[in-house]
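**Q** Next up is a structure, given as C-alpha cells.
The values are calculated or read from the model by the stated rules, or taken from the named source; none is laboratory data. Keep in mind the model is a prediction, meaning the values are calculated, not measured. No Cβ is skipped: glycine too gets one built from the backbone with ideal geometry, and neighbour counts run over all protein chains shown.
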Amino acid sequence: MYDYFKSFYDYRYLLQVMVRRDIKNKYRGSYLGILWSLLNPLLQMVVLTIIFSTLFERSIENFALYMISGRILFDFFSGTTTMSIRSLTTSSSLIKKVYFPKYIVPLSRVISNFIIFLISLIDLALVIVITGASLSWEMLFAPVYLIIFMLFTLGCSLILSTIAVFFRDIEHLYGIVTMVLMYFSAIFYPIDILPKNAEFLLLFNPIYQFILGFRGCVYYNVGISYFNLVVCLVWAVVSLFLGLFLFKRNQDKFILYI
C-alpha cells in the first residue's frame, strides 16, 4: 500500500491530466457537453417514472425520488466499470512508450466518472425540491456511502481492467452482468414484490446494499444503518484489496498482451 500511495503522490500531475482528458473525451463533439451529466439521469427518471409509477404507485411513495436515488448510483458503477474494462487496451500506445504506474489509467476513469456523478447529484436535489420531499439532517450521512461506493467501484475497475487484458471477451459478457445487476438491485421496484428466496439473494448483491444505505439517508430519512454500513465497508475493502493484488501481480505482463 505504501508503494501505491507514494506513486500516487509522485504522479499526481499525470493523474490530473488524464482525469481532465477523460472528462473532455466523454463529451467531445457534443453541443451540450457536460450538461448531459445533468440531463441524462433526469430524462431517464422521467421516462421510467411514467412507465413504472403506475405499476407501483401504491407501494412506493414519491416514486421519482426512489428511482433516481438508486439509478444514479447504478449508472456510476456501470459506466465506470465499463470504461475501465477497455482502459488499458485503449491506452496501449502510451503504456508502451512511457513508464508510469499503470493503475493510474483505470484510476483516472474512476475519478473522472465520480466527478461527473457528483454533478448529477444536482438532479437528485432538484427532485427532492420539486416533489416536496422532507429534508432531514440524516441526508448529511449520504457522502459516507458515496465515498465507500467509489472505493468499491475502484476495486472492481482494477479487477475488470486486469482480466480484460488477457480475456477480451469480458467486454461483451459484462453487458449481460450489468443488466442482471440492474434488475436485482431494486432500482425501480419495491423489494417486497419479490419472493422470499429472491429477497435473500439481494443481501449478496453489493450494489443493492449501497443503494439501500444511500436511500436510507436521502429517501427514508433514517440515517446510517450500522449493519448495512459494515456490509458496504466489507465489500469495498475486499474489492479494493483484491483489485490491487491482481493488478500488481499482473501489471508487468500487460505490455505483452495489449
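**Q** Considering only the stretch 163-181, state which residues are closer than 27 Å to Tyr103 by Cα and of a type in the set (A, V, I, L, M).
**A** From the stretch 163-181, those closer than 27 Å to Tyr103 by Cα are 163-179, 181; that's our starting set.
Within the stretch 163-181, Ile163, Ala164, Val165, Ile170, Leu173, Ile176, Val177, Met179, Leu181 qualify.
**Q** Still on this structure, I have one more. Please work out if Leu160 is modelled with pLDDT of 90 or more and assigned to a helix (DSSP H, G or I).
**A** On the way: modelled with pLDDT of 90 or more: yes; assigned to a helix (DSSP H, G or I): yes.
Yes, satisfied.
**Q** With respect to Ile255, is the statement that it is closer than 24 Å to Ser134 by Cβ, assigned to a helix (DSSP H, G or I) and in contact (Cβ under 8 Å) with a residue 60 or more places away in the chain true? Before you say what the answer is, go through the steps one by one.
**A** On the way: closer than 24 Å to Ser134 by Cβ: no; assigned to a helix (DSSP H, G or I): yes; in contact (Cβ under 8 Å) with a residue 60 or more places away in the chain: yes.
Spelling it out, it is not the case that Ile255 is closer than 24 Å to Ser134 by Cβ, assigned to a helix (DSSP H, G or I) and in contact (Cβ under 8 Å) with a residue 60 or more places away in the chain.
**Q** Report, by residue number, each residue of the stretch 132-150 that is hydroxyl-bearing (Ser, Thr, Tyr) and surrounded by 13 or more Cβ atoms within 10 Å (Cβ to Cβ). Walk me through it before giving the result.
**A** Just the residues of the stretch 132-150 that are hydroxyl-bearing (Ser, Thr, Tyr), to begin with: 134, 136, 145.
The answer is Ser136, Tyr145.
**Q** Within the stretch 201-252, work out how many residues are basic (Lys, Arg), touching a helix residue (DSSP H, G or I) at 6+ places or on another chain (Cβ under 7 Å) and more than 16 Å from Phe141 (Cβ to Cβ). Before you say what the answer is, go through the steps one by one.
**A** Filtering the stretch 201-252 down to residues basic (Lys, Arg) leaves 215, 248-249.
Cutting the leftovers down to touching a helix residue (DSSP H, G or I) at 6+ places or on another chain (Cβ under 7 Å) gives us 215.
Of the ones still in play, those that are also more than 16 Å from Phe141 (Cβ to Cβ) are none.
Looking only at that region, the number is 0.
**Q** Separate question: Here is a check on your reading of the model: is Asp169 at pLDDT below 90 and either touching a Phe, Trp or Tyr at 6+ places or on another chain (Cβ under 6 Å) or more than 21 Å from Ser59 (Cβ to Cβ) (or both)?
**A** In short, yes.
**Q** Do the conditions hold for Tyr189, that is, is it more than 19 Å from the chain's Cα centre (by Cα), buried (at least 16 other Cβ atoms within 10 Å of the Cβ) and farther than 26 Å from Arg86 by Cβ? Quick ask: steps written out before the conclusion?
**A** Details: more than 19 Å from the chain's Cα centre (by Cα): yes; buried (at least 16 other Cβ atoms within 10 Å of the Cβ): yes; farther than 26 Å from Arg86 by Cβ: yes.
Yes, satisfied.
**Q** Moving to a separate point now. Could you say whether any residue in the stretch 138-155 is over 26 Å from Tyr220 (Cβ atoms) and assigned to a helix (DSSP H, G or I)? Break it down stepwise before answering.
**A** Step one: list which residues in the stretch 138-155 are over 26 Å from Tyr220 (Cβ atoms), which gives 154-155.
If we keep only those that are assigned to a helix (DSSP H, G or I) as well, we get 154-155.
Scanning the stretch 138-155 turns up at least one residue that is over 26 Å from Tyr220 (Cβ atoms) and assigned to a helix (DSSP H, G or I).
**Q** Of the numbered conditions (1) touching a residue at least 40 places away in the same chain (Cβ under 8 Å); (2) within 19 Å of Val237 (Cα to Cα); (3) out of contact with any helix residue (DSSP H, G or I) (no Cβ under 8 Å at 6 or more places or on another chain), Ser136 satisfies every one except a single condition; which is it?
**A** Unmet for Ser136, out of (1) touching a residue at least 40 places away in the same chain (Cβ under 8 Å); (2) within 19 Å of Val237 (Cα to Cα); (3) out of contact with any helix residue (DSSP H, G or I) (no Cβ under 8 Å at 6 or more places or on another chain): (2).
**Q** Can you name the condition, by its number, that Ile122 falls short on among (1) in contact with a Leu (Cβ under 8 Å, 6 or more places away or on another chain); (2) free of Cβ contacts under 8 Å to residues at least 60 places away in the same chain?
**A** Answer for Ile122: the failing condition is (2).
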